[in-house]
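Presented below is the structure to which this report refers.
What follows draws every value from the coordinates through simple rules; no lab data is involved. Note that the structure is predicted; figures quoted are calculated from it, not measured. Here the Cβ positions follow ideal geometry from the backbone for every residue, glycine too, while neighbour counts run over all protein chains shown.
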Amino acid sequence: METKDRLRARARSLPPITRWESEGAVANLVGWLTAHVGEGAAVLTYLAMPSEVDPAPAVEARPDLRWLVTRTPPRGGLSIHPYEAPRERHPLGYEQPVAASPQVDPADVDVVVCPGLVFDLYGGRLGRGAGYYDGLLARLRPGAVKVGLTVERRLVPRVPMDPHDVPMNWVVTERRVVEVSPSDETDPGRDGDGSGRGGDDGEWGG
């Protein structure tokens, strides 16, 4: 199994996600939301960086949901705010809600759409290394559903998981929607129709 540092280095060397890949992944996300998430549910999403699938079209497709986004404060963990809150640009270049915008209790979140550098089909997610998202996911109520949004070429055979890492419940790409099985070594994931699906065991990337 590759180390987290090596996986991050390989992920950062990949070509940018294409418009076709992003649109396909978001279309599948919208399909999953239609099948599993009812009107008025609180869905925490993210404001995409260039290396991430942009989930914004899903927000437009499901205006009946209560959409939320995170803010990275100067100190401490991520905070949660309404998607429509006024925004500012973080020193690292991405947009986020302004500090004065209303905060939302993590316990109110029903679904969280998670970005990541790479994912596997056992629920593993590899972030950028600061631990912000895992800290936030640990504060959600136990029943909150975690959905990793990515593309096929950012799926790896296995992401090393530490005790503080929080696994995904679903992984969505431009080709499939997979309910992951963290404890099943022989069948890492299954499509929404129940058929088994696993990641490639060889090279990955693009």
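For a paramagnetic label modelled on Glu88 (point 7 Å from Cα along Cα→Cβ), amide N atoms under 11 Å away belong, within region 59-79, to 72-74.
Dividing the mean sequence gap of close Cα pairs (under 8 Å, 6+ apart) by how many residues region 1-56 holds gives a relative contact order of 42 percent.
Rounded to the nearest 5, what % of DSSP beta bridges with both residues in the chain are antiparallel? List each step's numbers first, then the result.
Numbers: 17 of 30 bridges.
Percent antiparallel among DSSP bridges in the chain is about 55.
Taking label positions 7 Å along the Cα-Cβ direction at both Leu14 and Thr72, the computed distance is 1.9 nm, reported to one decimal.
Among residues other than Ala27 with Cβ under 15 Å from its Cβ, the summed charge is -2 (Lys and Arg +1, Asp and Glu -1).
Charge dipole of the chain (Cα centre as origin; +1 on each Lys and Arg Cβ, -1 on each Asp and Glu Cβ, all else neutral): 660 debye, rounded to the nearest 20.
Subtract the Cα-Cα distance of Ala56 and Asp105 from 0.36 nm times their separation in residues, and report this length gain in nm to one decimal.
Working: separation 49, 0.36 × 49 = 17.64 nm, distance 2.21 nm.
Extra length from Ala56 to Asp105 when fully extended: 15.4 nm.
Counted over region 1-108, the DSSP beta bridges are approximately 70% antiparallel.
What order do you get for 108-116, 3-11, 38-46 when each peptide is scored by the mean count of other beta carbon atoms within 10 Å, highest first? If you can, show how the numbers build up before the last one.
Numbers: 108-116: 21.7, 3-11: 14.9, 38-46: 17.4.
Output ranking for 108-116, 3-11, 38-46: 108-116, 38-46, 3-11.
If you add up the charges near Arg87, with Lys and Arg at +1 and Asp and Glu at -1, over every other residue whose beta carbon is less than 13 angstrom from its beta carbon, what do you get?
Working: positive: Arg71, Arg89; negative: Glu84, Glu88, Glu95.
Counting the neighbours of Arg87, the net charge comes to -1.
The residue among Pro91, Pro142, Pro102 whose Cα reaches farthest toward the positive pole of the charge dipole of the chain, with charges on the beta-carbon of Lys, Arg, Asp and Glu, is Pro91.
Taking Cα atoms only, the orientation of helix 19-36 departs from the longest principal axis of the chain by about 80 degrees.
Give me the Kirkwood hydrodynamic radius of region 11-90 in Å, from all C-alpha pairs, to one decimal place? Before the final figure, lay out each step's value.
Details: mean 1/r = 0.0710 Å⁻¹.
Every distinct Cα pair counted, the radius reaches 14.1 Å.
For Val118, the residues 5 or more places off, or on other chains, whose built amide H falls under 5 Å of its own are Leu126.
Each stretch of four or more DSSP H residues adds -39500 (n - 2.57); spread over every residue of the chain, this sum gives -5500 deg cm²/dmol at 222 nm. Applied to region 144-158, the Karplus parametrisation 6.51 cos²θ - 1.76 cosθ + 1.60 on θ = phi - 60° returns per-residue 3J(HN,Hα) values of 5, 8, 9, 10, x, 10, 7, 10, 4, 6, 10, 8, 10, x, 7 Hz, with x for Gly and Pro.
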